[in-house]
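The values are calculated or read from the model by the stated rules, or taken from the named source; none is laboratory data. This is a predicted model, so every value here is computed, not measured. Please note: Cβ atoms are built from the backbone with ideal geometry, for glycine as well, and neighbour counts cover all protein chains shown. Just so you know, the surface numbers come from the protein's heavy atoms only, side chains and all, with ligands and any DNA or RNA stripped out. Shrake-Rupley method; radii C 1.70, N 1.55, O 1.52, S 1.80 Å.
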Amino acid sequence: MEPKLIPLSGYVEFPAKQMLERAGDFYDDLRRRRTVRDFSDRSVDLEVIKRCIKAAGTAPNGANLQPWQFVVVSDSRIKTEIRNAAEEEEREFYAGRAPQEWLDALAPLGTDSSKPFLETAPFLIAIFSKAYDVSADGAKVKNYYATESVGIATGFLIAALHHAGLATLTHTPSPMKFLNRVLGRPDNERPFVLLVVGFPAEEAKVPSISKKPLSEIVTYC
Ligand code: IYR
């Protein structure tokens with residue numbers, strides 16, 4: 001097939017000084033983001049969520065096959081079902097399935113099997129990754145780099161929600177297969193992450209942890 005190529009539009013170059021400022025400002029904005037586990041039950045405009053998911057859908061991805069599905073949950077009965085199923089898995093996780101080394105790594109976060117935020121927060125966004133799609137005639141169509149692509153889109157989504165002034169929790173109850181049953185998703189969709197979205201509770205607390213300095217995370221050559 002002949003590719004259809006069109007002129008690049010939308011790219012903007014900034015003067016060097018402005019470029020530096022923008023890079024610093026973006027860092028300053030992103031570094032304010034904290035993973036939140038204490039959510040308010042205040043409602044959030046669905047339109048904000050839709051716009052943020054549109055931003056996520058612009059992510060670069062394998063062969064532009066866009067191997068993702070975002071399921072937006074606000075129905076309180078479904079949230080309760082998700083909480084119950086997640087807590088069941090988490091109880092097993094914390095009571096024995098997780099190796100001690102993993103529990104030790106989680107200790108600074110103060111997490112446990114109780115997940116009230118799955119009912120309190122106004123929105124849960126279940127993000128699914130599709131290793132393949134199913135065409136209208138039932139044939140399997142393979143996707144490429146599905147996990148990487150969905151990871152990038154999820155990063156865009158978290159940044160978009162933060163930019164809009166919402167708090168998120170990147171939640172990965174393990175295993176997450178119950179999300180297919182509860183949300184009625186087909187077999188080609190694998191749960192990637194359950195994003196909890198809303199306003200932080202007024203008394204929200206977060207762990208006292210820090211990010212590695214640049215010198216530790218970059219190598220130049
Ligand atoms: N899924 C569990 C455990 C957990 C695992 C990781 I890796 C975290 O960064 C945080 C928690 C839970 O949600 O409690």
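Observations on the structure shown:
- With respect to being open to solvent by less than 30 Å² (accessible area, probe 1.4 Å), more than 20 Å from LYS79 (Cβ to Cβ) and hydroxyl-bearing (Ser, Thr, Tyr), SER208 falls outside the description.
- Verdict on THR80 being under 17 Å from PRO191 (Cα atoms), exposed (fewer than 15 other Cβ atoms within 10 Å of the Cβ) and either out of contact with any Phe, Trp or Tyr (no Cβ under 7 Å at 6 or more places or on another chain) or among the aromatic types (Phe, Trp, Tyr) (or both): no
- Counting only residues that are part of a helix (DSSP H, G or I), out of contact with any Gly (no Cβ under 9 Å at 6 or more places or on another chain) and surrounded by 16 or more Cβ atoms within 10 Å (Cβ to Cβ), the range 32-61 holds 4 of them.
- ASN143 meets each of the listed conditions (1) open to solvent by 70 Å² or more (accessible area, probe 1.4 Å); (2) away from the ligand (no atom under 16 Å from the Cβ); (3) not hydroxyl-bearing (Ser, Thr, Tyr) apart from (1).
- Selection from the range 94-113 of residues that are within 9 Å of the ligand (Cβ to nearest atom) and of a type outside the set (A, V, I, L, M, F, W, C): TYR94, THR111, ASP112, SER113
- Filter pass, ILE158 being of a type outside the set (Ser, Thr, Tyr), within 16 Å of the ligand (Cβ to nearest atom) and either open to solvent by 30 Å² or more (accessible area, probe 1.4 Å) or modelled with pLDDT of 95 or more (or both): yes
- Listed conditions (1) within 27 Å of SER149 (Cα to Cα); (2) within 20 Å of the chain's Cα centre (by Cα); (3) without any contact (Cβ under 8 Å) to a residue 40 or more places away in the chain are all met by ASP75, apart from (1).
- GLY165 vs. criteria more than 16 Å from the ligand (Cβ to nearest atom), small (Gly, Ala, Ser) and open to solvent by less than 50 Å² (accessible area, probe 1.4 Å): yes
- Considered as a group, the residues in the range 62-74 that are part of a loop (DSSP other than H, G, I, E, B) and of a type in the set (S, T, N, Q) include one that is nearest to THR120 (Cα to Cα), and that residue is SER74.
- Residue match in the range 86-98 (condition: within 19 Å of the chain's Cα centre (by Cα), exposed (fewer than 14 other Cβ atoms within 10 Å of the Cβ) and in contact (Cβ under 8 Å) with a residue 40 or more places away in the chain): no
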